[in-house]
1. Can you find, within segment 398-423, the residue that is farthest from the chain's Cα centre (by Cα) among those that are over 27 Å from Glu220 (Cβ atoms) and surrounded by 12 or more Cβ atoms within 10 Å (Cβ to Cβ)?
2. What tally of residues in segment 66-113 results from selecting those that are open to solvent by 50 Å² or more (accessible area, probe 1.4 Å), over 25 Å from Met281 (Cα atoms), β-branched (Val, Ile, Thr) and under 15 Å from the mean Cα position of the chain (by Cα)?
3. Go through segment 153-167 residue by residue and tally those that are open to solvent by 80 Å² or more (accessible area, probe 1.4 Å) and under 25 Å from the mean Cα position of the chain (by Cα).
4. So which helices (runs of 4 or more DSSP H) stay within segment 215-309 end to end and still have 1 or more residues that are over 19 Å from Met332 (Cβ atoms) and open to solvent by less than 40 Å² (accessible area, probe 1.4 Å)?
5. Using the structure shown, decide if Phe150 is open to solvent by less than 60 Å² (accessible area, probe 1.4 Å) and either closer than 18 Å to Gly378 by Cα or at pLDDT 80 or above (or both).
6. Identify all residues within segment 322-335 that are surrounded by fewer than 20 Cβ atoms within 10 Å (Cβ to Cβ) and either on the phi < 0 side of the Ramachandran plot or under 16 Å from the mean Cα position of the chain (by Cα) (or both); write none if there are none.
7. Answer yes or no: is there a residue in segment 390-397 that is modelled with pLDDT of 90 or more, open to solvent by 90 Å² or more (accessible area, probe 1.4 Å) and aromatic (Phe, Trp, Tyr).
8. Answer yes or no: is there a residue in segment 407-430 that is among the small types (Gly, Ala, Ser) and at pLDDT 85 or above.
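The values are calculated or read from the model by the stated rules, or taken from the named source; none is laboratory data. Here the structure is a predicted model, which is why all the values come from computation and not from measurement. Positions of Cβ are backbone-derived with ideal geometry, glycine not excepted, and every protein chain shown enters the neighbour counts. The accessibility values were calculated without ligands, DNA or RNA, using every heavy atom of the protein model including side chains. Shrake-Rupley method; radii C 1.70, N 1.55, O 1.52, S 1.80 Å.
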Amino acid sequence: MTELRQRAAREPDAPPEDKESETEAKVDGETASDSESRAEAAPLSASTDDTPEVLNRALSNLSSRWKNWWVRGILTLAMIAFFFIIIYLGPMVLMIIVMCVQIKCFHEIITIGYNVYHSYDLPWFRTLSWYFLLCVNYFFYGETVTDYFFTLVQREEPLRILSKYHRFISFTLYLIGFCMFVLSLVKKHYRLQFYMFGWTHVTLLIVVTQSHLVIHNLFEGMIWFIVPISCVICNDIMAYMFGFFFGRTPLIKLSPKKTWEGFIGGFFATVVFGLLLSYVMSGYRCFVCPVEYNNDTNSFTVDCEPSDLFRLQEYNIPEVIQSVIGLTTVWMYPFQIHSIALSTFASLIGPFGGFFASGFKRAFKIKDFANTIPGHGGIMDRFDCQYLMATFVNVYIASFIRGPNPSKLIQQFLTLRPDQQLHIFNTLRSHLADKGMLTVATEDE
């Protein structure tokens, strides 16, 4: 022991830089670990009962199980009625509603992160979060505006400049936010600030990207907006109904109330619902025509000659089914076949968006994202499956439905120089003449 003490006394001290860095690492390490443990130990407050007093009084004699059933049912009908109203008001109102839902969902997710780390007073966190939301929306919707409002953009000089340099402006705006984040870094909160930086960007990826795809689907025709959303709503309702009355077998640990009976019953009910809704909507031009902007009236129009996708066709029924129903052929809209794919995804894959949200809420020990809708939680609680559905519909349209858009080609053609336009005209004329679709006059004539 004496030799060890003498040897330790003879050894030189560590360099000042090493001690300082070791102390700094210790401080930062303690701050990060302490913050994580404290955030984990202090769960967010559970959502309170925000059921309207009128319903509480009317349902006071019922058990909590049936009371919740009636509250959810009444407010579901109210939301469905509101959905019908905004559909009646037209595409522009639908786009505004989508934007409002996007902002509210972003607010709910960011608020959870802010509440978890609120005691640390992270500088500029909320300001930067909303700034990045603005930047990402400008990036996504800037090109959409150019595509669908081309004539209006070219007519107004400020809009034309914003459209021409859209991507450069978007990148510059993001760089400003990025530099602001770096300048806001505080020594004792490095890890937490990078947590929240990632939190914000993942939220933007989930919320803004999907809402952008929803609006893209809407421009393809309101039927591509209404049918997928309605299938998700139907599956949510029917899975709850089947699970409430017949549920016995738990489906997944993340959502203990979900049952196999509800999952399977919701699937079959949604497929039937999708077929019926598609049949009804396919007969109306206002639902099947692409949403286009009319420059003469400065309004959206949904008038066109329906494509083959929305015209009744005769299909042969498989022999196995013929013996059961007694029919050999059936008249259907081709879109109804596509609706089977949409309703199947909404029933089998869409719920995993809800399971993902359930896991997220369990991670932070909260019941709902917010208390916006009594009995249903926040807006994000209602749209967790819708965002996943929006991505599928957009990919499905791009893969199996959408073809070249003549109006967009003409818009691009009109922006070219006169000599480029003349070259394309001559090339197209020669191509059509070679196919025998156009008679080219000789120079003498």
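1. First pass over segment 398-423, keeping only residues over 27 Å from Glu220 (Cβ atoms): 417-423.
Filter once more, so that each one left must be surrounded by 12 or more Cβ atoms within 10 Å (Cβ to Cβ): 421, 423.
Values: Gln421: 39, His423: 42 Å.
Among those residues, the one meeting the criterion is His423.
2. 1
3. Matching residues across segment 153-167 total 1.
4. 222-246, 260-281
5. No: the conditions fail for Phe150.
6. Those that are surrounded by fewer than 20 Cβ atoms within 10 Å (Cβ to Cβ) and either on the phi < 0 side of the Ramachandran plot or under 16 Å from the mean Cα position of the chain (by Cα) (or both): Gln322, Ser323, Val324, Ile325, Leu327, Thr328, Thr329, Val330, Trp331, Met332, Pro334.
7. No, that holds for no residue.
8. yes
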